[in-house]
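Beneath this line is the structure, given in structure tokens, with notes to follow.
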Amino acid sequence: MKSIANTKLNDGVNTPLYPRNQLKSRIVHLGFGAFHRAHQGLFTDEVAKKSDSDWGICEVNLFGGEDLIKSLREQDHLYSVAEKGATSTEIKVIGAVTESLHPNLDGIQAVIEKMAEPQVAIVSMTITEKGYCADPATGLLDKHNPLVIADLENPTTPKTALGYIVQALKVRRERGLPPFTVMSCDNVQENGHVAKAAILEFARLLDSELGSWIEANVTFPCTMVDRIVPAATPETLTEITELLGVEDPCGIACEPFRQWVIEDNFVASRPNWDVAGAEFVADVVPYEEMKLRMLNGSHSFLAYLGYLGGYAHISDTMTDPGYRKAAFDMMMQAQVPSLTMPEGTNLEAYAKLLIDRFTNPSLKHKTWQIAMDGSQKIPQRMGGSLKYHLENGSDFKWLAAGIAGWMRYVAAQDEQGNAIDVRDPMSETLKQICDQHGLNVSVVPALLSLEAIFLVSWDRILLLSMR
Ligand code: NAI
Ligand code: CS2
């Protein structure tokens, strides 16, 4: 079959010219989704293009994504990334993937054995916020999560990413092999710390000695990851076929901008991702907070209020001067005051850049996609800054508007009476509350009393907003 691996591609396609056979699966990545392909996959490829690197990636999908793994194998693990600016597009073929696995195709043991291979130095993850099985408000392991309960009962046949990592580390320890670094690349505040807390607690519940060994030997660097990568649509894939000259079912389109700030805390070695533009720093937390509150916070704000206003894509909201100004003011008035940044950081320039990025008309980023999983996203995108304003007695009207947008959205019916397809791990609970209260104002305290999402109590919000 004709594929990206065996066809002459169109002129102008940027291809991997380095010897791919010198790459080894030194990284096992959990979550071969849209984002990883356009971010860590591309950075690792660029390191191989620019230096003498042997860092390759074994891609694993634990939940869904089976067809993607099958397609990737059929094309020698090559795939393409289309970087779409407002007026031009660049297409790159990525060669950094060496292997792939899926528990449904290869079995659970094959994934654990791969993670336990001696050359594996990093297990990285883009498994979405809910993949950490942590309570969104506290960031601690949710021991009531049914998947966690099942994995604790059957640790040798795990389902969760935590279960796989702990089992693989157990096998490495038994075999006298050194541990690997666990690197989260998800939009989770202090993602390394959340991964560490969940993994340590899970391991301790199984075997306290194993927990102590992991604590003493494994590192969990925090990372700030940024690149807008909407889910691929049939239109995206058609455009990629035209650019390449052949179909690529694993192709993905994204914006030209990319940023990666990584805490330099790796237990074994790591690729020189800085060669490809990543920054290694001692403390990532301020950058994470800046990105989560300003970019993701205003993204969620625009997603809920934009969807309800009839806008299908983020770039559509940016054609409306009211939304454009509201997003900028939300960043500057609600989020900026809550941040403490290293000297010299220009947050106003950052906010302006974000508005430009959101405006990119070539990116069809659905408001519905960003609205998904709000229960996991709201706490880290708006919760920290809300807490800041409550403590300081300052104005939080933009955050209130964003959270009100989420509340109106999870009522699951738009202003025209059309059903909204609300996707959220807490959708059952949200539905129960909304069914009980309808659009009556009593829905507000009922939703605010969800402690997994809001640690700040409703009474306190009411009290401060009446000042
Ligand atoms: P996607 O839907 O394309 O991929 C999701 C991936 O997560 C899949 O590989 C799936 O197998 C895995 N997954 C889902 N639920 C899981 C679970 N419970 N346990 C383990 N794995 C699970 O989504 P996409 O766009 O790749 O985003 C993934 C994450 O990457 C986001 O949630 C976010 O944290 C982060 N991210 C995404 C950006 C974007 O613009 N798409 C940019 C920055 C970060
Ligand atoms: C978005 C993010 O889907 C969402 O919730 O806010 O995925 C956003 O596109 C990225 O974080 C940009 O780096």
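Observations, loosely collected:
- In the range 165-180, of all residues being in a helix (DSSP H, G or I) and either at pLDDT below 95 or not aliphatic (A, V, I, L, M) (or both), the one that is surrounded by the most Cβ atoms within 10 Å (Cβ to Cβ) corresponds to Gln167.
- Residue list for the range 326-343, filter: loosely packed, with under 14 Cβ neighbours inside 10 Å and at pLDDT 95 or above: Thr340
- Residue within the range 362-369 that is among the hydrophobic types (A, V, I, L, M, F, W, C) and within 27 Å of Thr128 (Cβ to Cβ) present: yes
- Members of the range 181-200 that are assigned to a helix (DSSP H, G or I), within 12 Å of ligand 1 (Cβ to nearest atom) and within 12 Å of Met224 (Cβ to Cβ): Asn191
- Screening the range 362-389 for residues that are aliphatic (A, V, I, L, M), within 11 Å of ligand 2 (Cβ to nearest atom) and over 15 Å from Leu295 (Cα atoms) and picking the one that is modelled with the lowest pLDDT gives Leu363.
- The residues of the range 201-239 that are of a type in the set (S, T, N, Q) and more than 16 Å from ligand 1 (Cβ to nearest atom), listed by number, are Ser208, Ser212, Asn217, Thr219, Thr238.
- First in the range 178-207 and without any contact (Cβ under 8 Å) to a residue 40 or more places away in the chain, second anywhere and aromatic (Phe, Trp, Tyr), Cβ under 6 Å, 6 or more apart: Lys196/Phe220
Yes or no, residue by residue, for (1) more than 24 Å from Val246 (Cα to Cα); (2) of a type in the set (Val, Ile, Thr):
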{"site": "Leu72", "(1), (2)": "no, no"}
{"site": "Val81", "(1), (2)": "no, yes"}
{"site": "Thr89", "(1), (2)": "no, yes"}
{"site": "Val97", "(1), (2)": "no, yes"}
{"site": "Thr126", "(1), (2)": "yes, yes"}
{"site": "Glu129", "(1), (2)": "yes, no"}
{"site": "Leu140", "(1), (2)": "yes, no"}
{"site": "Lys143", "(1), (2)": "yes, no"}
{"site": "Thr156", "(1), (2)": "yes, yes"}
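- Under the condition of being away from ligand 2 (no atom under 16 Å from the Cβ) and either assigned to a loop (DSSP other than H, G, I, E, B) or touching a His at 6+ places or on another chain (Cβ under 6 Å) (or both), the residues counted in the range 201-249 number 10.
- Of everything listed in (1) outside any loop (DSSP other than H, G, I, E, B); (2) under 27 Å from Val267 (Cα atoms), the single unmet condition for Ile149 is (2).
- Checking the stated criteria, Ile94 turns out not to satisfy the condition of being within 16 Å of ligand 1 (Cβ to nearest atom), out of contact with any strand residue (DSSP E or B) (no Cβ under 9 Å at 6 or more places or on another chain) and not assigned by TED's automatic domain parsing to the domain that holds Asn360.
Quick grid of which residues meet (1) among the aliphatic types (A, V, I, L, M); (2) part of a helix (DSSP H, G or I); (3) away from ligand 1 (no atom under 15 Å from the Cβ):
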| site | (1), (2), (3) |
| --- | --- |
| Lys130 | no, yes, no |
| Lys143 | no, no, yes |
| Thr156 | no, no, yes |
| Lys159 | no, no, no |
| Gly163 | no, yes, no |
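- Test result for Gly383, surrounded by fewer than 22 Cβ atoms within 10 Å (Cβ to Cβ), in contact (Cβ under 8 Å) with a residue 24 or more places away in the chain and either of a type outside the set (A, V, I, L, M) or out of contact with any Asp or Glu (no Cβ under 8 Å at 6 or more places or on another chain) (or both): no
- Candidates are the residues of the range 198-210 that are surrounded by fewer than 23 Cβ atoms within 10 Å (Cβ to Cβ) and within 17 Å of Val123 (Cβ to Cβ); the one that is nearest to the chain's Cα centre (by Cα) is Leu200.
- Consider the range 30-64 and keep the residues that are among the small types (Gly, Ala, Ser) and away from ligand 2 (no atom under 16 Å from the Cβ). The one that is surrounded by the fewest Cβ atoms within 10 Å (Cβ to Cβ) is Gly64.
- Among the residues making up the range 118-146, a single one is surrounded by fewer than 17 Cβ atoms within 10 Å (Cβ to Cβ), farther than 24 Å from Asp264 by Cβ and at pLDDT 95 or above: Pro146.
- Yes/no for Phe301 being farther than 30 Å from Ser3 by Cβ and touching a strand residue (DSSP E or B) at 6+ places or on another chain (Cβ under 6 Å): no
- Selection within the range 313-332 - under 24 Å from Pro379 (Cα atoms) and either part of a loop (DSSP other than H, G, I, E, B) or among the hydrophobic types (A, V, I, L, M, F, W, C) (or both): Ile314, Ala326, Ala327, Phe328, Met330, Met331, Met332
The values are calculated or read from the model by the stated rules, or taken from the named source; none is laboratory data. This one's a predicted model, so the numbers in the text were calculated from it and none came from an experiment. No Cβ is skipped: glycine too gets one built from the backbone with ideal geometry, and neighbour counts run over all protein chains shown.
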